[in-house]
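Notes to accompany the following structure.
The values are calculated or read from the model by the stated rules, or taken from the named source; none is laboratory data. What you see is a predicted model, and the numbers here were worked out from it, not measured in a lab. Cβ atoms come from the backbone with ideal geometry, glycine included; neighbour counts cover every protein chain shown.
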Amino acid sequence: MRILFVGDAVGRSGREAVAASLPKLREALRIDLAVVNAENASHGFGLAPDMAAAMFAAGADVITLGNHAWDRKEIIPYIAENPRLLRPLNYPPGTPGAGSVVVEVPGGRRALVLQAMGRLYMDALDCPFRGTAQELAKYRLGGTVAAIVVDFHAEASSEKMAFGHSFDGQVSLVVGTHTHCPSADHQILPRGTAFQSDAGMSGDYDSVIGMAKDAATMRFWRKMPGERLAPAEGEATVCGVFVETDDATGLALRIEPVRVGGRLAQTMPAG
Ligand SMILES: [Fe+2]
Ligand SMILES: [Fe+2]
C-alpha cells in the first residue's frame, strides 16, 4: 500500500497548499491512502467544518486533529457525523468523535488509521500507550487490515521514540505531529514499522511554528500577553512522509520524507 501522511496544515497558507498539492501528490506517488493532520487549519487553532470538507474533497481519506481539536466548536457536531475525522483516542470516555477508523482502500483492502496524543509537556490525558495497545488488540496487521497508520501527536521526541518502539512490528507507520518541525530520523524500525518523530507542519516556515514571527517572538522577550497570534501568510511548505508497505505483512518497505513548496529544502520520493 502506498501511504501519504501530511503534517499539521497551519492557517490559510497551509490548508490551501495542502488542498492544491494533495491531488498532484496522490497522482505522482500513486497514493492509496492519504492522511492529513489539520488541527491548526483555522487561523492556527482548530478546524472548521467547511475546511474539513474541502480537505476531504482535495483527496484526504482521513483527517486527524490533536490538542487543538476543539478550538472551533462547530467541529463537535461535524466530528460526530464524520468518522473519517479523528481526534486522539486517549481523550476521556464520552468525548465526541473517535480516535480510530477503518477505511476501504483500492483493491478491496482495508486500513486502520489511529491517533493518540502524548502526555509529556501536554495535557494530562489517559495513557496513550495503553489506549493504543487496547485498540490494536482488535485488529491483526496483514490479516484483518492491510495497513495501520498511527499519528502520535506529541511534543517530546523521547515519548515519540518510545511509542514507536512500543508498537514496532504491530503497525505500518508511526509518525509524529504537533512540533511543526520535520525531523530527519525517518527509518524502518527493526521489526518493520516505519517511523519519523515528526512529519513537520504544512505552513509558512518564515514563522514561529507557523505563527507570524514578530508577535510569537515577543512572547519570549516579554513574559506578558502580547499581540494575538496569527498564522504567517507566506508560501507554505507541504511536509509529510511517504510510506510503501507490503500488503501481506502490513510492514514497511520504505519511508521517505516529502517537502514541497515554500522555504524548506525540497524532497520528493523517487516514484
Ligand atoms: Fe499542530
Ligand atoms: Fe498540536
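Values as computed for the structure displayed
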item: Answer residue from the range 107-154, given it is within 16 Å of ligand 2 (Cβ to nearest atom) and outside any loop (DSSP other than H, G, I, E, B) and is nearest to Leu253 (Cα to Cα) among those; result: Val150
item: Check on Asp185, closer than 30 Å to Gly210 by Cα, modelled with pLDDT of 95 or more and surrounded by fewer than 24 Cβ atoms within 10 Å (Cβ to Cβ); result: yes
item: Some residue of the range 130-138 being under 27 Å from Ala236 (Cβ atoms) and surrounded by 17 or more Cβ atoms within 10 Å (Cβ to Cβ); result: no
item: Every pair of residues 6+ apart whose Cβ atoms lie under 8 Å, when the first sits in the range 208-223 and is within 15 Å of Gly44 (Cα to Cα) and hydrophobic (A, V, I, L, M, F, W, C) while the second is in a helix (DSSP H, G or I) and within 16 Å of ligand 1 (Cβ to nearest atom); result: Val208/Ala216; Ile209/Ala216
item: Residue that is part of a loop (DSSP other than H, G, I, E, B), more than 16 Å from ligand 2 (Cβ to nearest atom), surrounded by fewer than 24 Cβ atoms within 10 Å (Cβ to Cβ) and modelled with pLDDT under 95, where the choices are Glu227, Glu233; result: Glu227
item: Index of the failed condition, Val175 passing every other in (1) away from ligand 1 (no atom under 16 Å from the Cβ); (2) assigned to a strand (DSSP E or B); (3) β-branched (Val, Ile, Thr); result: (1)
item: Subset tally (residues that are within 19 Å of the chain's Cα centre (by Cα), outside any loop (DSSP other than H, G, I, E, B) and more than 16 Å from Gly262 (Cα to Cα)) for the range 193-219; result: 3
item: Filter result (free of Cβ contacts under 8 Å to residues at least 40 places away in the same chain and touching a helix residue (DSSP H, G or I) at 6+ places or on another chain (Cβ under 8 Å)) within the range 37-56; result: Ala38, Ala41, Ser42, Gly46, Leu47, Ala48, Pro49, Met51, Ala52, Ala54
item: The range 173-187 residues that are closer than 19 Å to Ala236 by Cβ, paired with ones that are of a type in the set (Val, Ile, Thr) and within 11 Å of ligand 1 (Cβ to nearest atom) (beta carbon under 9 Å, 6 or more apart); result: Thr177/Thr64; Thr179/Ile209; His180/Val10; His180/Ile209; Cys181/Ile209
item: Single unsatisfied condition, Ala184 versus (1) within 16 Å of ligand 2 (Cβ to nearest atom); (2) in a loop (DSSP other than H, G, I, E, B); (3) within 21 Å of Val10 (Cβ to Cβ); result: (1)
item: Unique match (being closer than 27 Å to Ala162 by Cα, in contact with a strand residue (DSSP E or B) (Cβ under 6 Å, 6 or more places away or on another chain) and assigned to a loop (DSSP other than H, G, I, E, B)) among Pro269, Pro190, Pro257; result: Pro269
item: Glu159 being in a loop (DSSP other than H, G, I, E, B) and either within 16 Å of ligand 1 (Cβ to nearest atom) or farther than 25 Å from Arg84 by Cα (or both); result: no
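Conditions tested, residue by residue: (1) more than 16 Å from ligand 2 (Cβ to nearest atom); (2) crowded, with 19+ Cβ neighbours inside 10 Å.
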position	(1), (2)
Phe167	yes, yes
Met201	no, yes
Phe220	yes, no
Val243	yes, yes
Gly250	yes, yes
Arg254	yes, no
